[in-house]
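Novice: Below: one structure in structure tokens.
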Amino acid sequence: MVKTIPSLGTGRPDYSANINNIIRGRIIKDYQPLYYEKMKILALTNEPGAVSAYPWVSNTLLSPGATASLVDTETGLTEMLIPRGYDIKITNIYFSSTQPIQKYSYVDGELIGTAHNVDFGFLQSQELGISFILPSDPYFQKSHVVSVKVKNLGDEGSRTTVIFQFIMRRVGSPEITTKDIRCKNCGYIKKNVPLSLTRWKCDKCGTLNKYYYLPFGDNYG
Ligand SMILES: [Zn+2]
């Protein structure tokens with residue numbers, strides 16, 4: 001005996017007209033930090049002739065065989081400082097390069113992993129949530145430094161952009177309100193400026209530097 005299951009409703013819902021809303025809503029939900037979280041972004045761009053006040057933008061190619069550090073977009077420093085009582089998880093990696101490159105991740109100066117990219121652009125954002133601190137310090141009892149470097153494995157200079165995006169989460173620790181910033185021109189470091197500072201003319205050389213401000217979730221509204 002054949003039974004036919006009666007269909008309910010009238011036709012298939014057509015979501016295609018709302019596809020932008022659906023995707024936009026999902027991405028904001030995935031990336032928006034909770035009140036005890038903030039984003040951190042490490043970046044490096046090599047583009048000949050580029051004019052930019054952002055410390056991670058270099059106006060030269062990444063030379064063959066050369067290694068360069070990604071820069072903390074809030075501070076201009078090549079090491080991302082993770083205070084005691086904080087964890088950090090990677091959520092996205094974006095890269096684009098005109099030569100094959102190798103990426104190296106470090107915690108407290110120790111290599112924890114590498115990845116190889118051939119010469120094209122790629123956004124990797126799916127199911128990333130790897131903690132950089134938890135495996136070695138599960139109670140977050142110490143401060144740590146996280147850094148990422150890229151090496152040009154090709155025969156020619158590379159136009160390159162590499163972005164590592166993280167969620168930093170406080171675990172029973174106070175909210176960070178200050179940062180140390182580094183001048184992209186002379187390397188002078190100014191200590192204890194407000195976390196929200198996004199423009200600074202260097203006290204030593206007068207160069208204008210710009211930085212990101214990535215607030216904790218409750219400041220997003
Ligand atoms: Zn300077």
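Any read-out appearing in this document is the output of simple, stated calculations on the displayed coordinates, not a laboratory observation. For clarity, every value in this text was computed on a predicted model and none was experimentally measured. Positions of Cβ are generated from backbone atoms using ideal geometry, with glycine treated the same way; all protein chains shown enter the neighbour counts.
Novice: Return the aspartates and glutamates within reach of K38: Cα separation strictly under 18 angstrom, same-chain partners fewer than 8 residues apart disregarded; answer none if there are no such residues.
Specialist: Once the sequence-local aspartates and glutamates are set aside, what remains near K38 is D30, D72, E74, E79, D87, E175, D180, D218.
Novice: Which shape class, rounded, prolate or oblate, goes with the stretch 72-221 when its Cα gyration tensor gives a ≥ b ≥ c as root eigenvalues, a/c under 1.5 marks rounded, and past that a/b bigger than b/c marks prolate?
Specialist: Working: a/c = 1.77, a/b = 1.14, b/c = 1.55.
Oblate is the answer for the stretch 72-221, as a/c is 1.5 or above yet b/c matches or exceeds a/b.
Novice: Which distance in nm do the two modelled labels at Y212 and I130 give, with both placed 7 Å along the Cα-to-Cβ direction?
Specialist: Using points 7 Å along Cα→Cβ, the separation is 1.9 nm.
Novice: Where the eigenvalues come from the Cα gyration tensor of the stretch 102-188, what are the semi-axes √(5λ) of the equivalent ellipsoid, largest first, in whole Å?
Specialist: Working: eigenvalues 151, 72, 35 Å².
Whole-Å semi-axes of the equivalent ellipsoid: 27, 19, 13.
Novice: Here's something else I'd like to know. Could you work out the per residue convex hull volume over the alpha carbons of the stretch 158-221, in cubic angstrom? Before the final figure, lay out each step's value.
Specialist: Details: hull volume 8.6 nm³, N = 64.
Expressed per residue, the convex hull around the Cα atoms of the stretch 158-221 is 134 Å³.
Novice: Size of the dipole of the stretch 47-198 about the Cα centre, Lys and Arg at +1 and Asp and Glu at -1 on the beta carbon, nothing else charged, in debye to 20?
Specialist: 400 debye
Novice: Let me ask something else about it. What's the center-to-center distance, using Cα atoms, between the stretch 171-216 and the stretch 36-99 in Å?
Specialist: Their Cα centres are 15 Å away from one another.
Novice: What nm value, rounded to one decimal, do you get for the distance between N185 and Y31 when each label is placed 7 Å out toward the C-beta?
Specialist: That separation, rounded to one decimal, is 3.1 nm.
Novice: List the relative contact order of the stretch 35-219 as a percent without decimals, with contacts defined as Cα pairs under 8 Å and 6+ residues apart. Numbers along the way, then the final one.
Specialist: Working: 485 pairs, mean separation 60.5, N = 185.
The value is 33 percent.
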